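Input: a single structure, listed below in structure tokens.
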Amino acid sequence: MNDIAIMQGRLLPPYEGRFQAFPAKKWRDEFVNANSANLACIEWIYEKPNENLNPFSSDDGIKELRQIIKTSGISIRSICADYYMDEFLIDVNGNIRNKAVNHLIWLIGQAAKLSIIYIVLPFVDASSLGTSPQQQGLISLMQALGPKAAKLGLELHLETNLSPTLFKGILESINHPSIQVNFDIGNSASLNYDPTEELTALAPFIGSVHVKDRMLGGSTVALGQGNADFPTCFNLIRKAGFSRHFVLQTARGKDGHEVELAIHNRKFVEQQLSN
């Protein structure tokens, strides 16, 4: 059975008032809360704010993470690299930004020290790749980074808002097993993509899954309250052979009740998987 994970920060009240953020001064508390919610692991956030306080930024921090993982039993298998939503890897003209790329190469090296499986690269919202030059830039960049990641035993997972046909073509052009897809159930529902069409097209490339629900063209809502077709999505994801952890990236509830909400959402996913 697939493990259930949670996006970092979801087990604490919003840090600095932000919906999704690395909880710089309270990240240690989430390991205790993850245990209370009977979750398997935490998807770590690496972002520009408070970067110097992120344990992945130093070898001493990684050493501390190893110890906390050992004592808590809660693992870290993946990183959501929101850093590159501030420091774009590809600019508006499709040019590769070498400073950001060098930072990513460094982060890949840091992740490899903790046996991370994959890093999610979000190309959505401000970092969307809406033009042909940007998409060609992505192909060139991933063709260069795929072998570097593979050498260290990591994968890079692309999260985009591109249409299934276009995205599939890009992945086929990249043509590297370490470059895969992060499929976000809620984001796809918000974009009104047909889940059968999308998951059929992307099935060979799906490496990770974010679980959330969104309204059509709108915001994140509680699981089951939006436009996501969870039965179809989970059925097709399983048929694609996906056997890794599902990451809860769900809507927030009342501050102070994060563990209870995580338990509820974990059970929601487990029910979908048992159908």
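Read-outs throughout are calculated quantities, based only on the coordinates presented, and are distinct from any laboratory measurement. What you see is a predicted model; the values in this text were computed from it and never measured. Cβ atoms come from the backbone with ideal geometry, glycine included; neighbour counts cover every protein chain shown.
Under 19 Å of direct C-alpha separation, and excluding same-chain neighbours fewer than eight residues apart, LYS70 reaches these aspartates and glutamates: ASP3, ASP29, GLU30, GLU43, ASP59, ASP60. Taken along the Cα-to-beta-carbon direction at a fixed 7 Å, the label points for ILE62 and GLN136 span 3.7 nm. Each of SER127, SER243 has some number of other Cβ atoms within 10 Å of its Cβ, and from fewest to most they run SER243, SER127.
What's the Cα-based Rg to Rh of the stretch 4-274, Rh via Kirkwood? Before the final figure, lay out each step's value.
Values: Rg = 17.6 Å, Rh = 18.8 Å.
Answer for the stretch 4-274: 0.94.
Among the listed pairs LYS113/LYS239; LYS212/LYS239; LYS25/LYS48; LYS148/LYS168, those whose Cα-Cα separation exceeds 25 Å are LYS113/LYS239.
Model label points for LYS26 and VAL92, set 7 angstrom from Cα along the Cα-to-Cβ axis, are 3.7 nm apart. Taking a point 7 Å from the Cα of ASN175 along the Cα-to-Cβ direction, the residues of the stretch 126-140 with backbone N closer than 18 Å to it are 136-140.
Considering only ASN38, GLY17, GLY130, and ranking their Cα positions along the charge dipole of the chain that arises from unit charges at the beta-carbon of Lys, Arg, Asp and Glu, the one farthest toward the positive end is ASN38.
Between the amide H of CYS80 and those of TRP44, ILE45, TYR46, VAL120, distances stay under 5 Å, these residues lying 5 or more places away or on another chain, with hydrogens modeled in the peptide plane. For the stretch 146-161, putting each phi into the Karplus relation 6.51 cos²θ - 1.76 cosθ + 1.60 with θ = phi - 60° gives couplings of x, x, 5, 5, 4, 4, 9, x, 10, 10, 10, 10, 8, 10, 9, 10 Hz, in residue order, rounded to whole numbers and with x for Gly and Pro. Taking Cβ atoms as reference points and 13 Å as the exclusive limit, the residues near ALA228 contribute a net charge of -3, counting Lys and Arg as +1 and Asp and Glu as -1.
Scale the Cα Rg of the stretch 117-275 by the rule-of-thumb value 2.2 N^0.38 Å and send over the ratio, two decimals. Walk me through the numbers before you get to the answer.
On the way: Rg = 15.9 Å, N = 159, 2.2 N^0.38 = 15.1 Å.
Output field value: 1.05.
What is the sum of charges, Lys and Arg at +1 and Asp and Glu at -1, for the other residues whose Cβ falls under 15 Å from the Cβ of LYS25? Once all neighbours under 15 Å are counted, the net charge is -3. Each residue of the stretch 18-29 was assigned a 3J(HN,Hα) from its phi angle through the Karplus curve 6.51 cos²θ - 1.76 cosθ + 1.60 (θ = phi - 60°); the sequence is 9, 4, 10, 7, 6, x, 3, 9, 10, 4, 5, 5 Hz, with glycine and proline shown as x.
Report the calculated FRET efficiency for ALA144 and THR165 (r = Cβ-Cβ distance, R0 = 25 Å), to the nearest 0.05. Calculated transfer efficiency: 0.55.
Arranged by the count of other C-beta atoms within 10 angstrom, fewest first, what order do THR71, THR160, THR232 take? Let's see the in-between values first.
Working: THR71 9, THR160 22, THR232 14.
Sorted ascending by nearby Cβ count, the order is THR71, THR232, THR160.
Among LEU121, LEU104, LEU273, the ranking by other beta carbons within 10 Å of each residue's beta carbon, starting with the fewest, stands as LEU273, LEU104, LEU121.
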